[in-house]
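Here the structure is laid out as structure tokens; the discussion comes afterwards.
The values are calculated or read from the model by the stated rules, or taken from the named source; none is laboratory data. Just so it is clear, the model here is predicted, and its values are computed rather than measured. So basically every Cβ, Gly included, is an ideal-geometry build from the backbone, and we count neighbours across all protein chains shown.
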Amino acid sequence: MARFVTSTSRNFAAWRGITILREGSAYYALGKKKSPYTDLGPMIRRLVDAFSPQRLMWATDCPYQVQDGHTYCDSVDLIRQRLDFLSPDDRQSILHARAAKLFFPA
């Protein structure tokens, strides 16, 4: 079972076993606030480096992600196509595997 925390601690090593849900939502509200959102790459890289792709999950941030000209497609494409530091396995984990494991545990 996943555990969720809210913390300002940067001691990421102490967060083992905790699912990080922030990956991939609110692109419309961060950085330049404009597709293709590649300016958020360094932030996402820090999350990947700190937690690993297996602990990150893309989120919709519904309904806000589809307002004011922002689309889910643009948001997903950032992870799917635009971040060259993510491997195909990383992308699969962030976009699919982590959510499946969290919401449909075996």
Please work out which one of (1) at pLDDT 85 or above; (2) β-branched (Val, Ile, Thr); (3) over 17 Å from ILE94 (Cβ atoms) is the condition THR8 fails and give its number. (1)
Condition set touching a Phe, Trp or Tyr at 6+ places or on another chain (Cβ under 9 Å) and of a type in the set (Gly, Ala, Ser), scope the stretch 33-55, selection farthest from GLN81 (Cα to Cα): answer is ALA50
Filtering the stretch 49-77 down to residues that are under 16 Å from ALA99 (Cα atoms) and in contact (Cβ under 8 Å) with a residue 12 or more places away in the chain yields PHE51, PRO53, GLN54, ARG55, LEU56, MET57, TRP58, ALA59, THR60, ASP61, VAL76
Taking into account only those residues within the stretch 41-100 that are of a type in the set (A, V, I, L, M) and not in a helix (DSSP H, G or I), which is modelled with the lowest pLDDT? ALA59
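Any idea how many residues of the stretch 86-106 are under 19 Å from ILE44 (Cα atoms) and surrounded by 12 or more Cβ atoms within 10 Å (Cβ to Cβ)?
As a first pass, look at the stretch 86-106 and keep what is under 19 Å from ILE44 (Cα atoms): 86-99.
With surrounded by 12 or more Cβ atoms within 10 Å (Cβ to Cβ) added as a condition, the list becomes 86, 90-99.
Qualifying residue count, the stretch 86-106: 11.
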